[in-house]
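In what follows, a structure is listed as structure tokens, so that the remarks can point back to it.
The values are calculated or read from the model by the stated rules, or taken from the named source; none is laboratory data. From a predicted model like this one, the values you see are computed outputs, not experimental measurements. Don't worry about glycine lacking a Cβ; one is built from the backbone with ideal geometry, like all the others, and counts go over all protein chains shown. SASA here: full protein model, heavy atoms, side chains in, ligands and nucleic acids out. Shrake-Rupley method; radii C 1.70, N 1.55, O 1.52, S 1.80 Å.
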Amino acid sequence: MYQPPLTDMRFVLSHVVDLAGLTKLPALAHADVETVEGLLEEFGRFAAEVLAPLNQVGDTEGIRHDPTTGEVTTAPGWVEAYRKYVDAGWGSVPFPPEHGGGGFPWLLAIAMQEILSSANLSFSMAPLLTQGAIDAVLHHGSEQQHEQYLRRMVSGEWAGTMNLTEPQAGSDVGALSTKAVPAGDGSYRITGTKIFITYGEHDLTHQIVHLVLARTPDSPPGTKGISLFLVPKWLLDDTGEPTDERNGVTCVSVEHKMGIHASPTCVLAYEDAVGYLVGEEHAGMRAMFTMMNNARLSVGLEGLALGEAAYQKALAYAHERHQGRAIGAPPGHQSAIVEHPDVRRMLVTMKALNEAMRALVYLNAESIDIARHHPDAAERTARDELADLLTPITKAWCTDLGVEVTSLGLQVHGGMGYIEETGAAQYFRDARIAPIYEGTNGIQAMDLVGRKLPMRAGGVVADLIAAMRATAAELEAAGDELAPEVEAFVYAIGAFEEATTWLLTHGATDPRDALAGATPYLRMAGTVVGGWLLARSALAARAMQGGGGGAGGFDEAFLAGKRTTARFYLTQLLPQARGLLPAVTGGAAALEVPLG
Ligand SMILES: Cc1cc2nc3c(=O)[nH]c(=O)nc-3n(C[C@H](O)[C@H](O)[C@H](O)COP(=O)(O)OP(=O)(O)OC[C@H]3O[C@@H](n4cnc5c(N)ncnc54)[C@H](O)[C@@H]3O)c2cc1C
């Protein structure tokens with residue numbers, strides 16, 4: 001059964017990103033490192049004891065939809081588990097105290113989300129969507145909307161959803177046609193069909209607050225004409241309490257899916273539903289982006305979370321399962337499969353990729369905190385830019401790796417991995433959605449190349465490359481002991497720089513060339529950034545070795561493991577980055593292959 005990897009989480013929080021530094025910012029000053037670590041430990045216990053045991057039940061039992069009433073019933077044990085989650089106040093941790101939140105860093109929320117998603121991905125999506133809806137209302141909603149909705153969404157008493165997709169409007173959100181007609185009293189009447197709405201209907205909460213993108217009459221075509229509306233499942237009375245009057249939104253069906261069986265994916269029919277404008281008319285995309293940026297980080301995190309859970313399961317199985325005689329074992333002996341070099345390679349690859357993903361996800365979250373809360377404007381801007389650059393990389397690289405790492409986990413199990421009862425297959429099936437939703441990974445790559453690289457005329461990515469070169473110089477200064485790491489790292493940075501320059505130059509002359517190389521470029525970027533962060537981990541571990549584990553009290557075996565894992569990544573996985581260069585720089589012409 002899943003156990004939160006608290007030691008590695010603590011290491012990354014304090015020695016790859018700077019949790020202690022964050023807690024010194026005036027806005028986060030009440031959140032000291034000890035409290036954060038204590039919360040993680042407690043939440044880890046809750047997730048392992050209450051949520052992880054429901055993961056397989058959710059997969060096999062799934063959810064039930066009543067077509068007559070439109071009601072959705074979650075899997076056995078779900079309602080009770082959600083009640084415990086709310087009673088403990090776990091969902092409120094990163095939100096402002098004036099709305100009932102804990103005022104803790106986003107970094108803590110993300111670390112908690114890693115645990116939550118590892119323990120039970122389907123369950124995690126209810127709080128995740130609510131968190132996105134809170135963000136949109138918090139940043140764009142009116143005072144009245146804050147008062148009426150935020151406190152109960154922050155506490156988790158009410159859930160939230162995010163309604164973009166329609167049958168003809170998936171990646172092309174601007175094609176949506178749901179209508180919002182002014183009712184004359186300040187409210188609107190919403191009519192249209194939304195598909196694939198996560199937790200669009202369920203029995204975890206009484207009230208569900210739908211955030212819906214729609215068009216007002218005579219709005220301009222495309223994304224410019226889109227507005228955001230808040231549509232409660234139950235209408236409120238004058239005092240803000242839910243009445244027993246149902247709004248005009250019904251779950252007409254739920255999807256049968258490859259994975260995340262316990263997370264309801266709903267078709268919602270809106271018929272003259274009462275909706276309230278959030279922010280300005282026609283500014284819906286901007287408001288939605290507030291939700292999407294955080295959601296993209298959280299979805300990227302799902303790749304890590306399932307990769308970690310899959311690793312733990314595969315490692316346990318590799319110790320248990322005996323098959324074949326390992327080289328050097330006595331004749332007639334059946335060795336544990338972990339002793340076979342090929343199995344070991346799979347496990348080490350999983351571990352190294354997980355640790356690289358964790359470092360990236362946490363750096364992205366830390367950047368969001370600093371961009372929001374640092375007193376110095378220049379520091380805020382620099383971290384805002386870094387978060388913007390990293391977000392598509394985190395989303396797409398980590399979710400692609402989530403599929404690969406869970407697939408390796410399944411492979412370690414051999415035939416039993418393909419059999420459902422081990423649970424290895426569930427991780428693989430569950431992981432497959434993450435490269436698709438929250439903007440497909442192809443769309444993320446286009447965002448990286450088309451919008452993020454050109455930021456400050458390439459200055460933001462140049463700053464990142466300079467930071468990597470500084471780490472390479474630190475490695476070099478450490479002497480011969482780290483020479484293999486230095487060589488591999490410098491070689492990969494060179495490839496990344498070359499690819500970046502090519503894209504910036506060719507993107508300006510023919511965007512088709514840049515878009516043709518966008519996905520391999522994003523893969524290269526993730527691979528190199530992951531290497532950078534593991535190089536920093538190795539340096540930090542080295543500094544603490546032989547000194548009682550430093551401030552964190554890490555034991556020598558753990559610190560040595562950080563270094564060997566980093567060496568494996570840098571010398572065995574990172575060289576793949578340069579291999580991607582021809583695909584990045586091949587241009588659109590390379591794709592002119594008849595498809596039949
Ligand atoms: C389980 C599940 C849960 C979901 N939850 C939600 C939710 O809560 N709320 C919500 O609003 N939506 C949700 N979605 C919808 C999801 O975000 C979309 O499925 C996703 O954005 C892709 O849209 P699409 O399915 O229409 O695919 P399409 O847009 O048709 O894409 C098909 C393929 O074409 C590519 N493509 C499309 N346009 C371009 C382009 N311009 N350039 C290059 N490539 C392109 C895509 O990358 C993809 O590979 C969910 C979907 C699923 C399956």
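Of all residues being within 19 Å of LEU121 (Cβ to Cβ) and part of a loop (DSSP other than H, G, I, E, B) in the range 62-92, which is most open to solvent (accessible area, probe 1.4 Å)? Just the residue, please.
Filtering the range 62-92 for residues that are within 19 Å of LEU121 (Cβ to Cβ) and part of a loop (DSSP other than H, G, I, E, B), the one most open to solvent (accessible area, probe 1.4 Å) comes out as PRO76.
Which of the numbered conditions does ASP32 fail, given that it passes all the others? Conditions: (1) over 30 Å from CYS266 (Cβ atoms); (2) open to solvent by less than 40 Å² (accessible area, probe 1.4 Å); (3) not small (Gly, Ala, Ser).
(2)
Against the condition more than 10 Å from the ligand (Cβ to nearest atom), aliphatic (A, V, I, L, M) and within 30 Å of ALA508 (Cα to Cα), how does VAL403 come out, does it pass?
Numbers: more than 10 Å from the ligand (Cβ to nearest atom): yes; aliphatic (A, V, I, L, M): yes; within 30 Å of ALA508 (Cα to Cα): no.
No, not satisfied.
The conditions are (1) assigned to a helix (DSSP H, G or I); (2) out of contact with any Lys or Arg (no Cβ under 6 Å at 6 or more places or on another chain), and PHE554 fails exactly one of them. Which is it?
(1)
Can you find a residue in the range 485-499 that is under 29 Å from the mean Cα position of the chain (by Cα), open to solvent by less than 60 Å² (accessible area, probe 1.4 Å), charged (D, E, K, R) and more than 30 Å from GLU34 (Cα to Cα)?
yes
Could you tell me which numbered condition GLU421 fails, if it satisfies all but one of (1) modelled with pLDDT of 95 or more; (2) part of a helix (DSSP H, G or I)?
So GLU421 meets the others, but not (1).
Quick check on the range 11-29: of everything there that is out of contact with any Pro (no Cβ under 9 Å at 6 or more places or on another chain) and in contact (Cβ under 8 Å) with a residue 40 or more places away in the chain, which residue is most open to solvent (accessible area, probe 1.4 Å)?
Step one: list which residues in the range 11-29 are out of contact with any Pro (no Cβ under 9 Å at 6 or more places or on another chain), which gives 11-18, 20-21, 24, 29.
Still in the list and also in contact (Cβ under 8 Å) with a residue 40 or more places away in the chain: 11-18.
Values: PHE11: 0, VAL12: 2, LEU13: 3, SER14: 43, HIS15: 58, VAL16: 8, VAL17: 5, ASP18: 77 Å².
Among residues in the range 11-29 that are out of contact with any Pro (no Cβ under 9 Å at 6 or more places or on another chain) and in contact (Cβ under 8 Å) with a residue 40 or more places away in the chain, the one most open to solvent (accessible area, probe 1.4 Å) is ASP18.
Restricting attention to the range 559-592, report how many residues are under 19 Å from HIS15 (Cβ atoms), among the hydrophobic types (A, V, I, L, M, F, W, C) and within 26 Å of the chain's Cα centre (by Cα). Let's see the steps before the verdict.
At the first step, the residues of the range 559-592 found to be under 19 Å from HIS15 (Cβ atoms) are 559-570.
Narrowing further to those that are among the hydrophobic types (A, V, I, L, M, F, W, C): 559-560, 566, 568, 570.
Among the residues that remain, those that are also within 26 Å of the chain's Cα centre (by Cα) are: 566, 568, 570.
Qualifying residue count for the region: 3.
From the list TYR188, TYR199, exactly one residue is among the aromatic types (Phe, Trp, Tyr) and more than 12 Å from the ligand (Cβ to nearest atom). Which is it?
Values: TYR199 fails: more than 12 Å from the ligand (Cβ to nearest atom).
Going through TYR188, TYR199 in turn, the sole match is TYR188.
Being open to solvent by 50 Å² or more (accessible area, probe 1.4 Å) and under 15 Å from THR265 (Cα atoms) is the requirement here; does ASP59 meet it?
no
Does SER122 meet the test of being part of a loop (DSSP other than H, G, I, E, B) and within 14 Å of the ligand (Cβ to nearest atom)?
Criteria not met by SER122.
Check ALA514, ALA518, ALA590 and return the single one that is open to solvent by 60 Å² or more (accessible area, probe 1.4 Å) and touching a helix residue (DSSP H, G or I) at 6+ places or on another chain (Cβ under 7 Å). Even if it seems obvious, please write down each step before you answer.
Details: ALA514 fails: open to solvent by 60 Å² or more (accessible area, probe 1.4 Å); ALA518 fails: open to solvent by 60 Å² or more (accessible area, probe 1.4 Å).
Going through ALA514, ALA518, ALA590 in turn, just one is open to solvent by 60 Å² or more (accessible area, probe 1.4 Å) and touching a helix residue (DSSP H, G or I) at 6+ places or on another chain (Cβ under 7 Å): ALA590.
Considering LEU539, LEU533, LEU475, LEU482, which residue is assigned to a helix (DSSP H, G or I), under 26 Å from ALA445 (Cα atoms) and touching a residue at least 40 places away in the same chain (Cβ under 8 Å)? Give the derivation first.
Working: LEU539 fails: under 26 Å from ALA445 (Cα atoms); LEU475 fails: under 26 Å from ALA445 (Cα atoms); LEU482 fails: under 26 Å from ALA445 (Cα atoms).
Selected residue: LEU533, the only one of LEU539, LEU533, LEU475, LEU482 that is assigned to a helix (DSSP H, G or I), under 26 Å from ALA445 (Cα atoms) and touching a residue at least 40 places away in the same chain (Cβ under 8 Å).
Just checking, does the range 245-256 include any residue being in contact with a strand residue (DSSP E or B) (Cβ under 7 Å, 6 or more places away or on another chain) and farther than 16 Å from GLY70 by Cβ?
The first filter runs over the range 245-256 and keeps only residues in contact with a strand residue (DSSP E or B) (Cβ under 7 Å, 6 or more places away or on another chain), leaving 245-255.
Within this subset, residues satisfying the condition of being farther than 16 Å from GLY70 by Cβ are none.
Checked the range 245-256: no residue is in contact with a strand residue (DSSP E or B) (Cβ under 7 Å, 6 or more places away or on another chain) and farther than 16 Å from GLY70 by Cβ.
In the range 424-454, how many residues are more than 11 Å from the ligand (Cβ to nearest atom) and over 28 Å from HIS256 (Cα atoms)? Working first, answer last.
As a first pass, look at the range 424-454 and keep what is more than 11 Å from the ligand (Cβ to nearest atom): 424-429, 431, 448-449, 451-454.
Of the ones still in play, those that are also over 28 Å from HIS256 (Cα atoms) are 448-449, 451-454.
Residues meeting the conditions: 6.
In the range 139-155, which residues are within 15 Å of PRO232 (Cα to Cα) and either within 20 Å of the chain's Cα centre (by Cα) or assigned to a loop (DSSP other than H, G, I, E, B) (or both)? Write out each step before concluding.
Step one: of the range 139-155, the residues within 15 Å of PRO232 (Cα to Cα) are 141, 144-153.
Result: GLY141, single match.
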